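**Q** Mind having a look at this structure? Questions to follow.
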Amino acid sequence: MDIKRSIKKLFSSLFSSTAALILGVFLFMSGFGQLGRIPQKGMVLIFDSLPMILGALAYKSIKKRKAGVVGNTRLRKAYELIMVAFILVVNVILPFINDLTKQEPLAFVIFPLWAMLAYLAEFATFAQLCVQKEEK
């Protein structure tokens, strides 16, 4: 019964990241659809979708590591780090150069910060869990 309950808890905890992933994919596809008609709006939708997709994937990965569903390997840690770094570089650092954050704060500030804060919060709880396991 414990295994069934833990699987149900894992899937219910991954629901929000799955919803963010699906929404991000839809935004990404609609951004490509807008590129032909309104290129600026299409690019904004694509930039909106990237932190949602990458953040959801990184969040799902660390949740699965925390639950013990997947291994705590260097490759998985690198995968998560690359996704979070990509969010940081593409959506937080580069737009300041082009001054896009004033035009589209949702795409270039709020979504990337939301994705990174969710990942970092989960990372902090995972790190605490690892420290507690080492102490025992």
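Bear in mind that the values in this text are calculations on the coordinates, not laboratory data. Model, not experiment: these values are computed from the prediction. As a convention, Cβ positions derive from the backbone with ideal geometry for all residues, glycine included, and neighbour counts pool all protein chains shown.
**Q** Taking the Cβ of each residue in Phe26, Phe126 as the centre, tally the other Cβ atoms inside 10 Å and list the residues starting with the fewest.
**A** With the fewest neighbours first, Phe26, Phe126 line up as Phe26, Phe126.
**Q** Cβ under 15 Å from Met52's Cβ, Met52 left aside: what net charge do those residues give with Lys, Arg +1 and Asp, Glu -1?
**A** -1
**Q** If packing is taken as the mean number of other Cβ atoms within 10 Å per residue, what is the order of 54-61, 18-25, highest first? Spell out each step's value before the answer.
**A** Working: 54-61: 23.1, 18-25: 16.1.
Result, highest mean Cβ count within 10 Å first: 54-61, 18-25.
**Q** Suppose R0 equals 30 Å. What FRET efficiency, 1/(1 + (r/R0)^6) with r the Cβ-Cβ distance, do Gln132 and Ser30 give to the nearest 0.05?
**A** After rounding to 0.05, the efficiency reads 0.10.
**Q** So how do 78-91, 30-43 stack up, highest first, on mean other-Cβ count within 10 Å?
**A** In descending order of packing, they fall as 78-91, 30-43.
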